[in-house]
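The values are calculated or read from the model by the stated rules, or taken from the named source; none is laboratory data. In this text the structure is predicted, and so the values were computed from the model without any measurement. So basically every Cβ, Gly included, is an ideal-geometry build from the backbone, and we count neighbours across all protein chains shown. Accessible surface is based on the protein model in full, side chains and every heavy atom, while ligands, DNA and RNA are left aside. Shrake-Rupley method; radii C 1.70, N 1.55, O 1.52, S 1.80 Å.
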Amino acid sequence: MISTIEVSTNDRTELVDITSQVRKIVKDSGIDEGSCLVYVPHTTAAVTINENADPTVKRDILMILDRVIPFSDDYHHAEGNSAAHIKSTLVGSSERMIIRDGDLILGRWQGVFFCEFDGPRSRKVTIQMTPA
Amino acid sequence: MISTIEVSTNDRTELVDITSQVRKIVKDSGIDEGSCLVYVPHTTAAVTINENADPTVKRDILMILDRVIPFSDDYHHAEGNSAAHIKSTLVGSSERMIIRDGDLILGRWQGVFFCEFDGPRSRKVTIQMTPA
Amino acid sequence: MISTIEVSTNDRTELVDITSQVRKIVKDSGIDEGSCLVYVPHTTAAVTINENADPTVKRDILMILDRVIPFSDDYHHAEGNSAAHIKSTLVGSSERMIIRDGDLILGRWQGVFFCEFDGPRSRKVTIQMTPA
């Protein structure tokens, strides 16, 4: 069972909380136990699981990523978005979660974030649910 | 089939080898071929696969992570554990392995490590095994 | 359904595009809908998904990784390849993709890369396909 979420980003780099959308898709699927893959089909974006209670966590993640992987550097890729490609590889293009009792197993503070590294853009996230 | 491991950590940052526990759960499940997801439901911890023969590998991983993502910095998150959140995003909250002939496929030097980035604490690791 | 790809690397660090090999294995499997796990059973290598149109992207990824995780440092692991172990943990030992209509769902610019961090060597990549 495969679904797609559309995400519109507003900044060059941005973490967008998509937890409630993923959760709704899981609940609507009617799957009681299984797994859920959240897959980003872009090479300058990613997906991560982290705290969604305090928005400063998102800001701090982006600050360190921007420092470790500068926007401008001795890059050879001519499109000017090498930093976004490198962040995508380090954060990763998918996350896998467990479905139990018809809902995602998430820790108390965990949320799912789409990671924009070369925005603003219109993006897609592909979600596959598999019954156990 | 879902199981939980309890992990007690002793240090602020620490890699705990959980390979034998995961392996036992896989063997006890009776699944001959399938997959195994090791999922960490915490936002200041992670899971990784790396060498478990020489313990200095763990130490070297933590050294570089602590340098790239300092404990103290211009963070906005007020709880003082931003570094742990960022490490969690970079290392990742899950690992997926293959089950074949009733056991995990692991390379000769590979082990599974719970990564504590904001300890010491009592932690949980959730493990889902799915038959092929 | 489990298959293995052999990869020969020529440099100390190198990204090898294995997209067409993974895709062929998926097509040959006859699975119409399901998922595909690409797993690297090595502790000094990894797998990532990124752009395979312009080869400078690979070069830029390796440049930043080499700077953030130097080959020589205050490492305790005596084999001289600590940097490779750390890169392996940050990039990750597996990638999961979705199979639909008998083929991988990949974004327009996405390819799958074996990441050599301690070459040159002969390596293996294990691929598991699971029907939905």
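Remarks
- Shielded by partner chains, the stretch C:46-60 residues - at least 10 Å² of accessible area, 1.4 Å probe, vs chain alone: C:48, C:49, C:50, C:51, C:54, C:56, C:57, C:59, C:60
- Proportion of all alpha-carbon pairs of chain B beyond 24 Å (%): 30 percent
- Hydrodynamic radius (Kirkwood) for the stretch A:65-121, which is based on Cα pairs only, to one decimal in Å: 13.8 Å
- Shielding score for C:70-78, defined as the mean number of other chain Cβ atoms within 10 Å: 4
- For the peptide B:5-16, the mean number of other protein chain Cβ atoms found within 10 angstrom of a residue's Cβ is 0.
- In chain B, helices alone account for a calculated mean residue ellipticity at 222 nm of -8000 deg cm²/dmol, with every DSSP H run of four or more residues adding -39,500 (n - 2.57).
- Solvent-accessible surface of the protein assembly as shown, taken per residue with a 1.4 Å probe and all protein chains present: 37 Å².
- Reachable lysines from residue B:58, criterion Cα separation under 25 angstrom, eight or more residues apart if same chain: A:87, B:24, B:87, B:124, C:87, C:124
- Shape analysis of the stretch B:28-71 yields a ratio of the Cα radius of gyration to the Kirkwood radius, Rg/Rh, of 1.11.
- Chains C and B together, accessible area buried on both sides, 1.4 angstrom probe, square angstrom: 2500 Å²
- Label 7 Å beyond Cα on the Cβ vector: residue C:79 copy-to-copy distances, nm: 3.6, 3.6
- Once you divide the Cα radius of gyration of the protein assembly as shown by 2.2 N^0.38 Å, the number left is 0.90.
- Annotation for residue B:27, label-to-label distances across the other copies: 4.2, 4.2 nm (shortest first, one decimal, point 7 Å from Cα along Cα→Cβ).
- Within the accessible area of the stretch B:2-131 (1.4 Å probe), percent carbon and sulfur: 45 percent
- Position residue C:56: other-copy label points at 4.0, 4.0 nm, ordered by increasing distance, label point 7 Å along Cα→C-beta.
- Shielding by other protein chains, A:103-113, mean Cβ within 10 Å: 3
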